[in-house]
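What follows is a short report on a single structure.
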Amino acid sequence: MERCSKSAAIVTNSWKCFFENTLDLKNVVVINNSIDCAKSNFKHGFPASIAFVGRLGVRKGAYDLIKALGMLQSKGMRFFCTFAGDGEIEKLQEAAKIAGVSQSTQFTGWLGEEKVQDILSSSSIMVLPSYDEGFPVSIIEAMAAGNAVVSTCVGGIPEEVCRAGSVLIGPGDVSALACALEELLVDQDRAYQMADANQEYVLGKLDNKVVHTQLANLYLRLLDDDAEQNT
């Protein structure tokens, strides 16, 4: 057996294809990001409560979310959205003012893990309309905490989310974002059903216990291969 000198462990299948096809790596294994689900406080959250967790700026789609919320506000829909993260806070606050959603939004700044968990547990919908991503842990945390997920089909997100618990749109499509949020705000029972599907999915696939077992098995396989090479 010839030992491959080029190998890598990455977090998404899309990156696996890149490493194999562009960098000519032949031994690429996908090991997903994961979380300790025991630390998550699963709740269905308050109705019409939305959370955005991440750095505030263009790349994560924070301005698109403000615009979408403005569209919902103009239709008389009731909601409250918490933006948790550092970044362009003052610019986002000004954008919220222009969009007429200042009274329906709050910007917390950077928060520690425990405070983020509190926000996710209190929310029923987590939104991350990013333009570029890898395999965001914030989505895993949101699914484990009891949120329906609205995000974009970029990076590893389509591989990461539970299909039954998420709505994916194209990056920059503010109208589709507003439509997805409106549907979940109107049908809260659907949002809760999506949250239940997300929790089951995370526990079975993205909990530390599951992924760490996969990682341990990978190391054991590598050790077996190494022992075989040296015999």
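The values are calculated or read from the model by the stated rules, or taken from the named source; none is laboratory data. For clarity, every value in this text was computed on a predicted model and none was experimentally measured. Because the Cβ atoms are built from the backbone with ideal geometry, glycine has one as well, and the counts that use them run over all protein chains shown. When the accessible area is computed, the model is the full protein with side chains, heavy atoms only, and any ligands, DNA or RNA have been set aside. Shrake-Rupley method; radii C 1.70, N 1.55, O 1.52, S 1.80 Å.
The number of residues in region 117-156 being out of contact with any helix residue (DSSP H, G or I) (no Cβ under 7 Å at 6 or more places or on another chain), closer than 25 Å to K67 by Cβ and aliphatic (A, V, I, L, M) comes to 2. For the criterion of being among the aliphatic types (A, V, I, L, M) and at pLDDT below 95, I50 fails.
Might you check whether a residue that is open to solvent by less than 60 Å² (accessible area, probe 1.4 Å) and in contact with a helix residue (DSSP H, G or I) (Cβ under 7 Å, 6 or more places away or on another chain) occurs anywhere in region 186-193? Walk me through it before giving the result.
Step one: of region 186-193, the residues open to solvent by less than 60 Å² (accessible area, probe 1.4 Å) are 188, 191-192.
Next, from what is left, pick out any that are in contact with a helix residue (DSSP H, G or I) (Cβ under 7 Å, 6 or more places away or on another chain): 191.
Yes: region 186-193 contains one or more residues that are open to solvent by less than 60 Å² (accessible area, probe 1.4 Å) and in contact with a helix residue (DSSP H, G or I) (Cβ under 7 Å, 6 or more places away or on another chain).
From the list E228, E200, which residue is at pLDDT below 95 and farther than 30 Å from G57 by Cβ?
On the way: E200 fails: at pLDDT below 95.
The match here is E228.
A residue that is in contact (Cβ under 8 Å) with a residue 12 or more places away in the chain, crowded, with 16+ Cβ neighbours inside 10 Å, among the acidic types (D, E) and under 19 Å from F42 (Cα atoms) can be found somewhere in region 202-209.
A count restricted to region 36-81 and to residues that are open to solvent by 20 Å² or more (accessible area, probe 1.4 Å) and of a type in the set (D, E) stands at 1.
In this structure, N27 does not qualify as buried (at least 18 other Cβ atoms within 10 Å of the Cβ), among the polar types (S, T, N, Q) and over 23 Å from G170 (Cβ atoms).
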